[in-house]
Amino acid sequence: MDDEGSHPVLFHPTSYDPAHLDAESRRLLRATIDWFEERGKRRLIADDQARVWYTEFLDFVAREKLFATFCTPAAQAKGHPDKRWDAARNAALSEVLGFYGLQYWYAWQVTVLGLGPIWMSGNAAARERAADLLDDGAVFAFGLSEKEHGADVYSTDMVLTPDGDGFRANGGKYYIGNGNVAGMVSVFGRRADVEGPDAYVFFAVDSQHPNFKLVKNVVNSQMFVSEFRLEDYPVRAEDLLHTGPEAFSAALNTVNVGKFNLCTASIGINEHAFYEAITHAHNRVLYGKRVTDFPHVRQNFVDAYARLAAMKLFADRAVDYFRSASPDDRRYLLFNPITKMKVTSEGERVIDLLWDVIAAKGFEKDTYFSMAARDIRALPKLEGTVHVNLALVLKFLPNYLFHPAEYAEVPTRHDPADDEFFWRQGPARGLGAIRFHDWETAYAKFADVPNAALFHEQARALRELRVEEGQQEDLDFLLTLGQLFTLVVYGQLVLEQAELTEFDRDVLDQVFDVLVRDFSEYAVALHGKSSSTEAQQRWALARVRKPVVDGERSARVWERVAALSGAYEMNP
């Protein structure tokens with residue numbers, strides 16, 4: 001069968017038809033799927049193992065003007081009717097590319113990041129140059145990270161020294177995808193002649209310039225994740241993209257746009273791995289029984305399916321908030337780091353659940369799963385680790401839990417609009433002042449879903465937990481608090497999307513079966529923290545709950561999962 005019924009959860013290449021998108025977007029997504037399927041699984045895996053640079057994929061991208069269509073804002077499109085920056089269709093492309101391999105997604109992802117500072121810039125000549133390069137099939141790169149400082153933008157050693165009407169740039173960058181071929185590289189640095197925040201600068205360089213020294217690929221992969229150095233690289237006035245605090249904000253705002261794609265890549269990887277795992281396990285007999293007749297195996301698959309469903313529900317709803325954002329509605333600044341941190345971490349858990357079932361099969365070199373098990377680890381760790389994002393989301397906790405505000409309802413945003421606000425997000429500050437709508441509204445609407453109601457009870461109790469003086473500096477304690485808070489936000493958007501899509505109630509109840517257990521797990525972890533007080537320990541143990549058990553519901557969800565056996569196999 002082609003899907004799991006009237007509410008399919010997993011992307012399926014054969015039956016995929018994103019009817020919510022316009023005709024040209026659908027055509028390009030279909031062409032991308034067909035390109036991979038025609039190459040086939042053996043070629044996909046062989047190229048991965050031989051670390052073949054994906055010239056043919058980039059030739060396809062150039063020929064179809066795939067990145068040009070999806071990555072050119074309407075303001076730079078020169079009247080082209082299909083070029084725009086549309087986060088809904090970008091999410092769809094990100095999922096498709098992840099489904100076939102992180103390496104292909106990565107070429108797209110770092111192009112998105114490299115374009116961010118350019119599209120945010122007031123430099124019209126640089127924007128026009130970028131649009132022309134995109135139309136010619138170029139990819140881009142984002143020169144932020146450094147070997148000694150990672151993505152710590154406060155400590156850049158890329159230095160621009162005044163030289164006549166321009167500058168000479170000297171310094172190195174590290175972990176820079178597409179650095180070997182990028183038409184333009186957006187580079188973050190600082191001026192030697194200015195002190196403090198006014199010294200920051202973003203500028204554009206050409207990876208083929210003789211003063212651009214490509215050192216090496218720092219990873220053992222098809223991807224080219226470069227180390228490069230600029231040696232007296234001439235930076236002209238027309239190469240400057242941002243200066244001063246605006247450059248700092250451009251770095252963070254670009255991450256808001258680009259790192260959103262991490263979640264959909266993780267979803268795509270999980271989906272392909274799920275098809276392989278269920279097909280293998282459901283058709284394997286051990287000790288005279290089908291492997292999937294063992295209760296623990298079914299539980300793993302059902303949990304993995306529920307986690308993947310939640311990932312998709314949250315990510316889809318987060319797109320709506322990002323596309324509807326404005327200077328007066330910055331709720332996306334909470335939801336975006338959760339897509340980067342929570343959804344991608346859940347992706348790891350899904351792979352682990354599947355791997356515990358298929359065991360040695362997951363290591364075999366002719367499987368997609370072996371690629372997935374390796375690559376899924378990268379996504380929570382790419383420029384902005386789980387810990388960084390957990391610390392970030394805690395800035396929003398007081399207003400989110402205690403001070404709701406009124407907002408107009410955010411609709412599903414599948415309209416073919418240009419998301420021009422992405423390029424004028426403004427200064428990257430004031431997070432603690434951002435307000436949110438009442439999070440309990442979504443939970444109240446699903447009081448008839450047993451485990452959603454039980455989780456709501458756990459979530460409400462978070463208001464009662466008091467952080468003591470001194471614990472504000474205890475990051476170990478705060479990170480666990482951040483996990484508890486993140487679950488509340490995660491559940492809210494899952495429910496909002498479930499309502500908008502009339503999502504299957506059995507699967508939704510199973511999702512919250514998982515979330516109830518997760519909340520209990522983090523509560524126990526909080527209890528065990530070295531700095532937890534007796535009052536906090538009592539609070540934590542009082543939050544532990546067993547999900548509402550419903551054997552008939554679980555059986556119905558299992559039937560959906562079992563139906564995926566043999567539903568998809570990539571063309572050989």
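Quick look at the values:
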| item | result |
| --- | --- |
| Cβ-defined net charge surrounding Lys173, 9 Å radius [Lys, Arg +1; Asp, Glu -1] | 0 |
| The chain - percent relative contact order, Cα under 8 Å, separation 6 or more | 16 percent |
| Residues Arg290 and Ala428, FRET efficiency given R0 of 56 Å [Cβ-Cβ distance, rounded to 0.05] | 0.55 |
| Distant alpha-carbon pairs in region 218-316 (separation over 22 angstrom), percent | 61 percent |
| Stretchable slack from Glu64 to Glu440, in nm (0.36 nm times residue separation minus alpha-carbon distance) | 130.8 nm |
| Dipole in debye (nearest 20) - region 223-311, about Cα centre, beta carbon charges: Lys, Arg +1; Asp, Glu -1 | 780 debye |
| The chain - mean residue ellipticity at 222 nm from DSSP helices (-39,500 (n - 2.57) per run, n ≥ 4, rounded to 500) | -16000 deg cm²/dmol |
| Computed lengthening from Val524 to Val548, 0.36 nm per intervening residue step minus Cα-Cα distance | 6.7 nm |
| Approximate spin-label separation Ala359-Lys213, in nm, with each point projected 7 Å along Cα-to-Cβ | 5.3 nm |
| Kirkwood hydrodynamic radius of region 46-88, Cα pairs, Å | 11.9 Å |
| Cα convex hull of region 98-246 - mean projected area over all directions, nm² | 8.8 nm² |
| FRET E, pair Asp198, His387, Förster distance 35 Å, beta-carbon r, rounded to 0.05 | 0.70 |
| Average projection area in nm² (convex hull over Cα atoms of region 1-160, one quarter of hull surface) | 12.4 nm² |
| Accessible area per residue, Å², the chain with all protein chains present, probe 1.4 Å | 38 Å² |
| 10 Å-binned pair-distance histogram of region 142-210 (Cα, whole percent) | 21, 54, 24, 1 |
| Sparse-neighbourhood loop sites, GluC sites (Glu not before Pro) in region 435-519 - DSSP loop, at most 11 other Cβ within 10 angstrom | Glu469, Glu502 |
| Rg/Rh for region 106-163, where both radii come from Cα atoms and Rh is the Kirkwood radius | 1.03 |
| Longest to shortest principal axis, alpha-carbon extents of region 198-237, angstrom | 37, 24, 13 |
| Local electrostatic count, Pro234, Cβ distance below 9 Å [Lys/Arg +1, Asp/Glu -1] | -1 |
| Heavy atoms of Ile434 accessible to a 1.4 Å probe, total area in Å² rounded to 10 | 10 Å² |
| Computed over region 418-572: relative contact order in percent, which uses C-alpha pairs under 8 Å that are six or more apart | 25 percent |
| The chain - percent of accessible surface contributed by carbon and sulfur, probe 1.4 Å | 51 percent |
| Cα-based helix-to-principal-axis angle, 475-501 vs the chain, degrees rounded to 10 | 80 degrees |
| Computed log₁₀ I(q)/I(0) - Debye formula, equal Cα scatterers, no solvent, region 1-74, q 0.28 Å⁻¹ | -1.27 |
| Set of lysines near Lys361 by C-alpha distance (under 23 Å), chain-local residues within fewer than 8 positions excluded | Lys41, Lys289 |
| Folded to 0 to 90 degrees: helix 261-282 orientation relative to the chain principal axis, Cα | 40 degrees |
| Relative intensity, log₁₀ I(q)/I(0), of region 259-360 from a Debye sum that treats every alpha carbon as a point, q = 0.24 Å⁻¹ | -1.15 |
| D (Stokes-Einstein, µm²/s), Kirkwood Cα radius, region 439-572, 0.692 mPa s at 37 °C | 200 µm²/s |
| Proximal charge balance of Phe477 [Cβ under 10 Å; K/R count +1, D/E count -1] | -3 |
| Accessible-area value, His414, 1.4 Å probe, nucleic acids and ligands omitted, Å² | 80 Å² |
| Computed lengthening from Ser221 to Asp418, 0.36 nm per intervening residue step minus Cα-Cα distance | 67.5 nm |
| Neighbour cut-off at most 15 other Cβ (10 Å), DSSP loop, trypsin sites (Lys or Arg not before Pro), region 69-173 | Lys78, Lys147 |
| Rounded to 5, percent antiparallel among DSSP beta bridges of the chain | 85 percent |
| Spatial extent of region 398-504: Rg and Dmax, with the Cα atoms as the point set, Å | 16.6, 49 |
| Spacing of the two label points (7 Å from each Cα toward its C-beta) at Asp17 and Arg556, in nm | 2.7 nm |
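The values are calculated or read from the model by the stated rules, or taken from the named source; none is laboratory data. Values in this document were obtained by computation on a predicted structure and should not be read as measured data. All Cβ positions, even for glycine, are placed from backbone atoms using ideal geometry, and neighbour counts span all protein chains on display. Note: areas computed on protein heavy atoms with side chains; ligands, DNA, RNA excluded. Shrake-Rupley method; radii C 1.70, N 1.55, O 1.52, S 1.80 Å.
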